[in-house]
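Read the figures in this text as sums done on the coordinates, not as results from a lab. Predicted, not measured: the structure shown is a model, and the values here were computed from it. Neighbour counts are summed over all protein chains in view; Cβ atoms, including those assigned to glycine, are modelled from backbone coordinates with ideal geometry.
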Amino acid sequence: MNIIKLLLKLTFIIIYGVSYSQVEIIGYVKSSITGVKPISEIYIELLKSKKPLLERMTMADSLGFFRIKNLKPNKIYEIQISVSGYNNHTFKIKTNEGITKTTLTIDTDCEYSAEQAEKDWKNGRPKLLLFGSIVPTGNSQYDIKFEKSYGIEYFDFGCTPPTAECIKIYNERIFRFMDEKYGKKWRSKVRSDVEYLD
């Protein structure tokens, strides 16, 4: 009789241990601007957890997917998503008995958008946006000549650029206007640090 109880107890422990280790959250993070993974790295932190920092933090992969393992079933977890240029977002996710799948959308305000590019172009104040650095690179005489020839300004954000997606959307709209007006010759003359020019 004791052997049967022991076997039942061991079976319960094994089943519970296996199910516990399989409880996880698999998520996908996307930008509200583009509908796909943000360009910058994505950090995920499990909040209100007693686990060591390295166990409660992870990063999304190159496609925007992440996995948080070894969770308890039927429990609400809070996770925080941090991406450069975006507001930090906190989400509550309830686990089930196995794998919980979720898609999380993060947003930000874009001062530089496709609409702003259109306004700037129409008003004769278009820009080609540069990420820049702590010490922005100044325009050479050649760059100044380019700006005058094409009626455009190189704009360096220095060390505080906006969200990468905002720069991409703005620049791509300006590239289209430039192509329509000047053909594609300007592309071989533009500064190499203009962002997102193919």
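Overview of results
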| item | result |
| --- | --- |
| Pairwise centroid distance, computed over Cα atoms, of region 33-105 with region 135-170, Å | 35 Å |
| Ile99 versus Ile134: modelled label distance in nm, points set 7 Å from Cα along the beta carbon direction | 4.4 nm |
| Potential lengthening between Gln22 and Ser82 on full extension [0.36 nm per residue; Cα-Cα distance subtracted] | 19.0 nm |
| Mean projected area in nm² (Cα convex hull; one quarter of hull surface) for region 24-106 | 5.0 nm² |
| For region 114-188, alpha-carbon Rg over 2.2 N^0.38 Å | 1.09 |
| Amide H contacts of Leu104 (H built 1.01 Å from N, under 5 Å, at least 5 apart or other chain) | Tyr28, Val29, Lys30 |
| In degrees, nearest ten, helix 164-182 long axis to first principal axis of the chain (Cα) | 30 degrees |
| Glu180/Ile39 FRET efficiency (R0 22 Å; Cβ-Cβ; nearest 0.05) | 0.30 |
| FRET efficiency, His89 to Arg125 (Cβ-Cβ, R0 35 Å, nearest 0.05) | 0.60 |
| Among the listed pairs Lys37/Lys148; Lys30/Lys189; Lys51/Lys101; Lys30/Lys72; Lys30/Lys75; Lys30/Lys148, those beyond 32 Å (Cα-Cα) | Lys37/Lys148; Lys30/Lys189; Lys30/Lys148 |
| Phi-based couplings in Hz for region 186-198 (Karplus 6.51, -1.76, 1.60; Gly and Pro marked x) | 4, 4, 7, 9, 6, 4, 6, 9, 5, 6, 6, 8, 6 |
| DSSP-assigned coil residues among trypsin sites (Lys or Arg not before Pro) in region 117-198, each with at most 13 further Cβ atoms within 10 Å | Lys184, Lys189 |
| Within the chain, percent of DSSP bridges classed antiparallel, to nearest 5 | 60 percent |
| Per-selection Kirkwood Rh - the chain (Cα, Å, 1 d.p.) | 20.3 Å |
| Relative contact order, percent, region 73-123 [alpha-carbon distance under 8 Å, six or more residues apart] | 31 percent |
| Positive minus negative residues near Thr163 (Lys, Arg vs Asp, Glu; Cβ under 10 Å) | -3 |
| Two-site FRET efficiency, Ser188 against Ala114, from Cβ-Cβ distance with R₀ of 22 Å, rounded to 0.05 | 0.35 |
